[in-house]
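Single-structure report; data block below.
The values are calculated or read from the model by the stated rules, or taken from the named source; none is laboratory data. Note that this is a predicted model, so its numbers are computed, not measured. Methodologically, a virtual Cβ is constructed for each residue, glycine included, from the backbone with ideal geometry; neighbour enumeration extends over all protein chains shown. Note: areas computed on protein heavy atoms with side chains; ligands, DNA, RNA excluded. Shrake-Rupley method; radii C 1.70, N 1.55, O 1.52, S 1.80 Å.
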Amino acid sequence: MKITNILLVEDDESFRSILAMILTGEGFVITEAENGLIAQDKLNKETFDLVITDIKMPKLSGLELLKWIKESKSTPVILMTGFSEILKTQEAYDLGADEFLPKPFEPEDVLGAIKNISTESNQIKNTDVDYLYCKVDIDQFITGREIAYNVYVRLSNIKYVKIANKGQDIPADRIPTLKSRGVDYLYLKKEDYKHYVGFTLDLAKTLNRSTTVSTEKKKKFLHQTGEIILEKLFVDGIDQHAFSQSKDYISTVSSLLYDSDDAINSLMRLYDHADFVYVHSLGVSMYAVMIANKLKWTAPRTLFKLAMGGLYHDVGKKEIDRSLLTKAKKDLSQSEVALLETHPIRGVDILGQLDGIESDIVQIVSQHHEAMTGYGFPMGLKGNNIHPLARVISVANVFCNVALPGPRHKAFTAPDAIKHMTDFHKDSLDITFFAALIRLFNLDPATYLGKDFDSDLKKVS
Ligand SMILES: [Fe+2]
């Protein structure tokens, strides 16, 4: 549709005049209105091709005006909005707003929005765009600092709206209100999210390889991943909120792998070779992220490294015969044990073939069987010489081995799993991280580790 006549509704006179001047300069015919009531009056007397309106105005708000227009006319509406109006943005979308302009905006943004309306076909309008964005927990924005990327809010699977521009401050005092009204996540474009968490796989190199995985196969695999998380990794008594947050986080990290054939291929092969190892790896990834949250570690890069480390920690097992992986431990010969214990090093080799995996993730994979006592493998590292993230993964690994059902044993309840870990693994685990795991189940670490475990900790450090 051709757009010429525009009704511009804005109570801030100087802002309205500047915007009117810009649009007039672009050849549009602009009629100004200083509030919704005046706009209604003008719309009753004249036909416009488009209405651009602010949300917050005296007398009749932008939302009331929008509702009135959508009930009685077919005029498209662009809403000028902002971070502080996230909730109203969703309401405006539900009422039928056609486009959104987050304040402050540049002249090209408003021209882009007008162009979208004049050219928008139904096909573009109805395209699923979820795959282009990644969720970020809203708590991570409680910083008051300048944000490094454009921030979006998800209105539906076909509509995301930019709510804050790169370089802007997020008003920290708004966050608790938003959370209390059910806004748990904000969104970044996938490419920005990769920078945000430090995902630096070199895609140019991976695309040149011949191991191309079909889109359908990848989609199916990621779908299965979501189902596995829900069906196989929940342990009774876990903090439900922490579980659901961690589930979302692992799904997001997994979806980043979608763009890298080599990275997703190595996990898919692990799944084909021994699905129970992949299920276990997802579990370790999730419980490691939950332990980190319990420790109040919120740095996105740290959580990302833990999630990736968990996903890949046992990837070396895809090179070991499946029958060995399922054989009862008591029936393994010495040479079989030695072969099994090569899996961390094999994992490091596999990761070495993926360009751009960070060294912390490689260390997680190589050290996840090291023990605080120095009697782990493959290097026999002791105490603080073991990478701290590998120590978190190690706690999650032992817990998942005990609590989740596997080819070698049935599942344990959380208290039984923790009791078993206390009896048989306590000395080899990092006690701080073990205590955080115990707290995840609303249990008291002192019951298992003794009431002096905190002071024991101080002695160690
Ligand atoms: Fe392992």
Ranking by accessible area, most exposed first, for Asp248, Asp130 with a 1.4 Å probe
Asp130, Asp248
Checking rank on 431-439, 289-297, with mean other Cβ inside 10 Å and highest first, the result is 431-439, 289-297
Please get the size of the charge dipole for the chain, origin at its Cα centre, with Cβ charges of +1 on Lys and Arg and -1 on Asp and Glu, quoted in debye to the nearest 20.
1140
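Work out, step by step, the length gained on full extension between Val29 and Asn116: first 0.36 nm times the residue separation, then minus their alpha carbon distance; give nm to one decimal.
On the way: separation 87, 0.36 × 87 = 31.32 nm, distance 1.82 nm.
Net length gain for the segment: 29.5 nm.
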How high is the relative contact order of the chain, given as a whole-number percent (alpha carbon pairs under 8 Å, six or more residues apart)?
9
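What FRET efficiency comes out for Ile22 versus Asp169 if R0 is 35 angstrom and r is the Cβ-Cβ distance? Round to the nearest 0.05. Kindly include the intermediate steps, with their values, before the conclusion.
Numbers: r = 25 Å, r/R0 = 0.71.
In this case the efficiency is close to 0.90.
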Nitroxide proxy distance, nm - points 7 Å out along Cα→Cβ at Lys179 and Asp349
4.7
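Divide by every residue of the chain the summed helix terms, -39500 (n - 2.57) for each DSSP H run of at least 4, and state the resulting mean residue ellipticity at 222 nm, rounded to the nearest 500 deg cm²/dmol. It would help to have the intermediate numbers written out before the result.
Details: 23 runs with 245 residues, N = 461.
The helix-only estimate for the chain comes to -16000 deg cm²/dmol at 222 nm.
Gain in length, Ser156 to Asp248, computed as 0.36 nm per residue apart minus the alpha-carbon separation, to one decimal in nm?
31.4 nm
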Can you give the angle from 0 to 90° between the axis of helix 275-294 and the longest principal axis of the chain, with both taken from C-alpha atoms, to the nearest 10?
70
Could you work out how much longer the chain between Glu13 and Leu339 gets when fully extended? Use 0.36 nm per residue separation minus the Cα distance between them, nm to one decimal.
109.8 nm
The distance between the Cα centres of segment 346-404 and segment 2-44, in whole Å, is 62
Starting from the Cα of Glu216, step 7 Å along the direction of its Cβ; do the same at Asn126; then give the gap between the two resulting points in nm.
2.2
Filter Lys162/Lys294; Lys220/Lys410; Lys426/Lys451 down to the pairs with a C-alpha to C-alpha distance above 23 Å, please.
Lys162/Lys294; Lys220/Lys410
So how much accessible area does Tyr149 have, in Å² to the nearest 10, using a 1.4 Å probe?
50
Beta bridges per DSSP with both ends in the chain, % antiparallel, nearest 5:
45
On C-alpha positions alone, give me the angle between the axis of helix 215-232 and the longest principal axis of the chain, in degrees, nearest 10.
70
Just add up the charged neighbours of Pro58: K/R +1, D/E -1, any other residue whose Cβ is under 12 Å from the Cβ of Pro58.
-4
Measure off 7 Å from each Cα along the Cα-to-Cβ vector at Lys45 and Asn385, then give the distance between these two points in nanometres to one decimal.
8.6
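Going by average Cβ neighbours within 10 Å, how do the peptides 14-24, 80-90, 162-172 rank, with the highest at the top? Write down the numbers at each step before the final one.
On the way: 14-24: 14.8, 80-90: 21.1, 162-172: 16.4.
Packing proxy ranking, top to bottom: 80-90, 162-172, 14-24.
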May I ask you to evaluate 6.51 cos²θ - 1.76 cosθ + 1.60, the Karplus curve with θ = phi - 60°, for each residue of segment 15-25 and list the ³J(HN,Hα) values in order in whole Hz, giving x for glycine and proline?
5, 4, 5, 5, 5, 4, 5, 4, 5, 4, x
Ranked by how many other beta carbons lie within 10 Å on average, peptides 102-112, 309-319, 346-356 from highest
309-319, 346-356, 102-112
